[in-house]
Amino acid sequence: MRNSSFFNRDPDNRNFLWIFLFFYFVFSFLTYRDYGITGDENDWYISGADMLKHYLHLGKEDGIKIFSIEQASHNYLYPAVLRIFSHSINPERLHLLNLLFASIGFAAAFELLLAAYRNPFKALAGPMALFLTLRFSGDIPANPKDMPFAVLYLLSLASIYLFRSRWKEPTWEALVVGSLIGLTTCVRAIGLTLLPLWGFYRFWQYRLEEKRPGLGSWISREWPNFLMVFVVSQFWMMACWPYLGENYFGNYLSIFKSSQRYTWEGAIMFMGQAVMSTQLPWIYLPVWLLVTLPVFLILFFLFAWFKLPKMEKTAMELFVLLGSAFFLQILLYLILRPVIYNGLRHYLFLVPIFCVMGSMGLLEFFKGGWKSPWKKAAASLCALNLLSILFQLASLYPFQYIYFNEFVGGLRGAAGKFETDYWGASLKEAAQWLSANGAPDPNRVYRVKTCSTREQQTHYFKPNLVGDNAMKDPDYQIEPNNPVMLERDHVSAGQIKSQAIFTVEREGVPLYYVLKLK
């Protein structure tokens, strides 16, 4: 007889997931108003509205430049969907929608571990690890570029794994997996790597079969399914990517050329030096992974590779799929050497994969009880690391995406060596303070020079404050604590000491200065 308790360990019980999502939704509704607008966030919402108008005016001349060459490297499917639920660009509402969408990623992490370990309590480790990885959860509200791709990429991997490991019914596999791969690729072209991953994973499963047919028989059985996955994925790409849909064969290659040649040239801080984005060393991505992910997950991620040969079949299959995806992307990064910047932002989609794999290492380490003193010591160290992360969540909030781990000494150790608030989220706090304290005369217009987009300023300024990057004869200046930006804007340490009237800071590290110029 099944245990009717709410917390029973029935492998089909998802009560732990519902509890997690309940608290996550409460957290989202309590905090969505607190996050600042980031960099070019508004530009994506505007482009999403343009794409939505294009589909609403199909067959009509709408005058929208939705087929330009820029669309080869960027597709605005996700912000277009957001604009269905938010007709105006209300950043707070859009931040809430981003938070709600990310719940799909947490559910996917849970379902993967539930299928691998058949234990709902153990499966809870996936979404918990993902939420406590502040480089991911802190990016959710104001990142309509990289966060949705990370969620969809994990969801696609989950569909590939679940259709053969748990559901055992491939009837709908081509439709569901193909659709998810197509939609994921619409958000970012690198989603096409899911197709060879699907093929490799199926072949690896075939090699593990005890009574496997001949290779020719297996290919005859599988190629129609693979062809259907490919066709369905391409259908969604043509339907949801106007640039590709306009000329499938002519523009397909342009997508990859544009992605490969895309460059943003500028100096960024890396390991204490200002380095041009086009000249970053190959260690840029590995170092950022090492200094921004939770230490306990890094250690269990490494441990899991040693444990792989002894994993049960369902867990081994999941680890091989996720590990293949992880290292395929690292290999492509090392071979193609794309121009990346802003820390992990362009590779944020690796973080959920890493979290699930790290969670598997944790579960494998503690498998079989608490008899070993090593396990007790590891549990104590994990608890300390988790407490440290929770403390930093509270101290960095609502800018927790600037988290650094103990390997680099936290945010204090990283300041001046790495990019911190690279997207200007904390400008909100500076702008709100200036609006409340720096414009006392309602009949006078106060001029502010900023290093930000116009939307980041105007949303928080009251009417008699005007801001611009090239403001002449300003009364105030809002400047990020970024050595590259300070040098570019000719702001010296002495100037900051004498003119700073307010500083946005976390853990004693300045993020933004408000300077009074006259």
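Search the range 333-369 for residues being of a type in the set (Val, Ile, Thr) and more than 18 Å from Pro127 (Cβ to Cβ), and hand back the single one that is least open to solvent (accessible area, probe 1.4 Å).
Selected residue: Ile340.
Please tell me if Ala439 is within 26 Å of Ser492 (Cα to Cα) and touching a Ser or Thr at 6+ places or on another chain (Cβ under 7 Å).
Numbers: within 26 Å of Ser492 (Cα to Cα): yes; touching a Ser or Thr at 6+ places or on another chain (Cβ under 7 Å): no.
No; evaluated as a whole, the condition is false for this residue.
Looking at (1) farther than 30 Å from Lys367 by Cα; (2) within 17 Å of the chain's Cα centre (by Cα), find the lone condition where Leu155 falls short.
(1)
Among Ala125, Ala115, which is the only one that is open to solvent by 10 Å² or more (accessible area, probe 1.4 Å) and of a type outside the set (S, T, N, Q)?
Just one listed residue meets the conditions, Ala125.
For the range 466-518, enumerate the residues that are in a helix (DSSP H, G or I), in contact with a Cys (Cβ under 9 Å, 6 or more places away or on another chain) and within 24 Å of Gln400 (Cβ to Cβ). Don't jump to the end; show me each part of the working.
From the range 466-518, those in a helix (DSSP H, G or I) are 483-488, 493-499; that's our starting set.
Next, from what is left, pick out any that are in contact with a Cys (Cβ under 9 Å, 6 or more places away or on another chain): 485, 488.
Once the filter is applied, which keeps residues that are in a helix (DSSP H, G or I), in contact with a Cys (Cβ under 9 Å, 6 or more places away or on another chain) and within 24 Å of Gln400 (Cβ to Cβ), the range 466-518 yields only Met485.
Does any residue of the range 430-450 turn out to be open to solvent by less than 40 Å² (accessible area, probe 1.4 Å) and under 25 Å from the mean Cα position of the chain (by Cα)?
Kept after step one, since they are open to solvent by less than 40 Å² (accessible area, probe 1.4 Å), are these residues of the range 430-450: 430-431, 434-435, 438-439, 446, 448, 450.
Within this subset, residues satisfying the condition of being under 25 Å from the mean Cα position of the chain (by Cα) are none.
No, the range 430-450 contains no residue that is open to solvent by less than 40 Å² (accessible area, probe 1.4 Å) and under 25 Å from the mean Cα position of the chain (by Cα).
When only residues in the range 454-501 that are open to solvent by less than 40 Å² (accessible area, probe 1.4 Å) and of a type in the set (Val, Ile, Thr) count, which is nearest to Glu429 (Cα to Cα)?
So, considering only residues that are open to solvent by less than 40 Å² (accessible area, probe 1.4 Å) and of a type in the set (Val, Ile, Thr), the one nearest to Glu429 (Cα to Cα) is Ile478.
Could you please find all residues in the range 383-412 being open to solvent by less than 20 Å² (accessible area, probe 1.4 Å) and not in a loop (DSSP other than H, G, I, E, B)?
If the condition is that a residue be open to solvent by less than 20 Å² (accessible area, probe 1.4 Å) and not in a loop (DSSP other than H, G, I, E, B), then Asn385, Ile389, Gln392, Leu396, Gln400, Tyr401, Ile402, Gly410, Leu411 are the ones that fit.
Output the number of the condition that Leu511 fails; it satisfies all remaining conditions of (1) more than 30 Å from Val291 (Cα to Cα); (2) modelled with pLDDT of 90 or more.
Leu511 satisfies every listed condition except (1).
Given the criteria at pLDDT 95 or above, touching a Leu at 6+ places or on another chain (Cβ under 6 Å) and in a helix (DSSP H, G or I), does Phe27 qualify?
Numbers: at pLDDT 95 or above: yes; touching a Leu at 6+ places or on another chain (Cβ under 6 Å): no; in a helix (DSSP H, G or I): yes.
When the stated conditions are applied, Phe27 does not pass them.
Here is a yes/no grid of residues against (1) over 23 Å from Gly138 (Cβ atoms); (2) surrounded by 20 or more Cβ atoms within 10 Å (Cβ to Cβ); (3) at pLDDT 90 or above; (4) out of contact with any helix residue (DSSP H, G or I) (no Cβ under 9 Å at 6 or more places or on another chain):
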residue	(1), (2), (3), (4)
Asp34	no, no, yes, no
Glu41	no, yes, yes, no
Asp50	yes, no, no, no
Glu61	yes, no, no, yes
Ile69	yes, no, no, no
Ser73	yes, no, no, no
Arg93	no, no, yes, no
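Among Val295, Val287, which is the only one that is under 25 Å from Leu393 (Cβ atoms), in contact (Cβ under 8 Å) with a residue 24 or more places away in the chain and of a type in the set (Val, Ile, Thr)?
Checking each option against the conditions leaves just Val295.
Checking the condition closer than 24 Å to Gln499 by Cα, part of a loop (DSSP other than H, G, I, E, B) and not aromatic (Phe, Trp, Tyr), which residue from Ala430, Ala436, Ala425 passes?
That would be Ala425, the only listed residue that is closer than 24 Å to Gln499 by Cα, part of a loop (DSSP other than H, G, I, E, B) and not aromatic (Phe, Trp, Tyr).
Does Trp374 fit the bill of being more than 13 Å from Pro294 (Cα to Cα), of a type outside the set (D, E, K, R) and over 22 Å from the mean Cα position of the chain (by Cα)?
On the way: more than 13 Å from Pro294 (Cα to Cα): yes; of a type outside the set (D, E, K, R): yes; over 22 Å from the mean Cα position of the chain (by Cα): yes.
It is true that Trp374 is more than 13 Å from Pro294 (Cα to Cα), of a type outside the set (D, E, K, R) and over 22 Å from the mean Cα position of the chain (by Cα).
Quickly run through the range 283-307 and pick out the residues that are open to solvent by 10 Å² or more (accessible area, probe 1.4 Å) and closer than 19 Å to Ala378 by Cβ.
Val295, Phe296, Ile298, Leu299, Phe300, Phe301, Leu302, Phe303, Trp305, Phe306, Lys307, listed by residue number.
To keep it simple, each residue is scored yes or no on (1) within 21 Å of Pro91 (Cα to Cα); (2) of a type outside the set (Asp, Glu); (3) open to solvent by 10 Å² or more (accessible area, probe 1.4 Å).
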site: Ser137; (1), (2), (3): yes, yes, yes
site: Pro141; (1), (2), (3): yes, yes, no
site: Phe149; (1), (2), (3): yes, yes, no
site: Leu152; (1), (2), (3): no, yes, yes
site: Ser156; (1), (2), (3): no, yes, no
site: Tyr161; (1), (2), (3): no, yes, no
site: Arg166; (1), (2), (3): no, yes, yes
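The values are calculated or read from the model by the stated rules, or taken from the named source; none is laboratory data. Keep in mind that what you see is a predicted model, and the values were worked out from it rather than measured. Ideal geometry is used to build each Cβ from the backbone, glycine not excepted, and the neighbour counts take in all protein chains shown. Note: areas computed on protein heavy atoms with side chains; ligands, DNA, RNA excluded. Shrake-Rupley method; radii C 1.70, N 1.55, O 1.52, S 1.80 Å.
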